[in-house]
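What follows is a single structure, written as structure tokens, with notes after it.
Read the figures in this text as sums done on the coordinates, not as results from a lab. In this text, all values refer to a predicted model and were calculated from it rather than measured experimentally. Cβ placement follows ideal geometry from the backbone for every residue including glycine, while neighbour counts extend to all protein chains displayed.
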Amino acid sequence: MDRIAVPNKGRLSEEALELLEKAGLNAEHRPDRALVAPLGGGFQAIFVRARDIPELVADGAAEFGITGSDLVADAGRPELRELLDLGFGACRMVVAVKDASPAEQPADLPPGSRIATSFPGVAGRFFEELGVDVHLVPISGAAEIAPHLGVADAIVDLTSSGSTLRANGLREIGTLLRCSARLVAGPTAERDGSAGRRAAELAGALESVLRAERKRYLMANVPRDALERVREILPGISGPTIVDVLDQGRWVAAHAVVEADRVYESIARLKELGAEGILVTRIERLMP
Ligand code: AMP
């Protein structure tokens, strides 16, 4: 049985469980607040704090984990191997100062500046590499308030829309990291061949869901004599699938996978050829 450490609350938790479910690993037998749930496929979910996941996976308490790359980077554990960028939970880790500060970039911060952050690992390495000697003020959340309380000159924190920084009279002066949720594996997943295969199998299953989300399956009845042009419009993965329609032979059905953002254009061009009965469906998983 392989364990997957999953965040126990918040948006990251919901999106991770939804992704696992779409990949066929469903925590449906999870009684309320249970800390462990079978997922099927020889996997078990353990529900823990997102921040604890890098350490638990690096220590081998779980073979795999789903958590933010900000937390993976902050833990700084070399045993962790990133298997897949899951795309959700996207944000940036930034340095921000009070609007009135003269600093335009992190290197402008004077030596001895106090930096409030819940990411002391990433922030410490960043300022060390920059050659600016700062004093870190570790806090566990809401760093935005620290400059106004007079306990910090700048913060290192996450932002997505930037509205929280603005609402707190803060201004970004640099980006440390672009973050999103990741599937990570620990040392046990690398140790032997079968564990390595399990890692590839899990990453492949989740990737098939992410890939499918950007695609649609398009079906249309088209005149048989337009097939060459249909192939140009619907190249699919290895050409469209053509199925006979039981009429007098004038029509065929063309099926193909298309990029979601090209569906509109593909339909317009198929209609120009006289296509009828056009259907577009979502795809659950796609393994090319
Ligand atoms: P913002 O959209 O920039 O106003 O961010 C709203 C709040 O959510 C801020 O406190 C951020 O630190 C936090 N935040 C934004 N994106 C993420 C994320 N992907 N993971 C964790 N916290 C986030």
Seminar exercise, completed: Once GLU259 and ARG229 are pulled to full extension, the length gained, defined as 0.36 nm per residue separation minus their Cα-Cα distance, is 9.0 nm
For this session: Compute the distance in nm between two label points, each set 7 Å from the Cα along the Cα-to-Cβ direction, one at LEU35 and one at VAL151.
Result: 2.9 nm
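Under a Cβ-only charge scheme (Lys and Arg +1, Asp and Glu -1), can you give me the dipole magnitude of the stretch 117-166 about the Cα centre, in debye to the nearest 20?
Dipole about the Cα centre, nearest 20: 160 debye.
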Problem set entry | Within the stretch 164-260: Cβ-based charge dipole about Cα centre, in debye rounded to nearest 20 (Lys, Arg +1; Asp, Glu -1) | 440 debye
Problem set entry | Principal-axis tilt of helix 263-272 within the chain, Cα atoms, nearest 10 degrees | 20 degrees
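Using a Förster distance of 51 angstrom, determine the FRET efficiency expected from the C-beta separation of ARG250 and ILE283, and round it to 0.05.
0.95
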Exercise. Can you give the angle from 0 to 90° between the axis of helix 193-213 and the longest principal axis of the chain, with both taken from C-alpha atoms, to the nearest 10?
Worked result: 70 degrees
Exercise. Assigning unit charges at the beta carbon (Lys, Arg +1; Asp, Glu -1) and nothing else, what dipole magnitude in debye, to the nearest 20, does the chain show about its Cα centre?
Worked result: 500 debye
Exercise. Using alpha-carbon pairs under 8 Å, 6+ residues apart, how would you state the relative contact order of the stretch 186-288 in percent?
Worked result: 38 percent
For this session: Answer with one residue from ALA61, ALA107, ALA142: the one whose Cα lies farthest towards the positive end of the charge dipole of the stretch 42-155, charges on Cβ with Lys, Arg +1 and Asp, Glu -1.
Result: ALA142
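Let a ≥ b ≥ c be the square roots of the eigenvalues of the Cα gyration tensor of the stretch 4-62; is it rounded (a/c under 1.5), or, if not, prolate (a/b larger than b/c) or oblate? Display every interim value, and only then the final one.
Values: a/c = 1.55, a/b = 1.32, b/c = 1.18.
Prolate shape, in that a/c is at least 1.5 and a/b is the bigger ratio.
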Seminar exercise, completed: Taking r as the C-beta separation of GLU213 and LYS98 and R0 as 30 Å, the FRET efficiency to the nearest 0.05 is 0.15
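Sum up the charges of everything whose Cβ sits under 11 Å from the Cβ of ASP74, counting Lys and Arg as +1 and Asp and Glu as -1, but leave ASP74 out.
Values: positive: ARG51, ARG77, ARG125; negative: GLU55, ASP70.
Once all neighbours under 11 Å are counted, the net charge is +1.
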Exercise. Which lysines does LYS9 reach when only Cα atoms under 26 Å apart count, and residues fewer than 8 places away in its own chain are ignored?
Worked result: LYS22
Exercise. To two decimal places, what compactness ratio does the chain give when its Cα radius of gyration is scaled by 2.2 N^0.38 Å?
Worked result: 1.32
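Per residue of the chain, what 222 nm ellipticity follows from adding -39500 (n - 2.57) for every DSSP H run with n ≥ 4, rounded to the nearest 500?
Computed ellipticity for the chain at 222 nm equals -8500 deg cm²/dmol.
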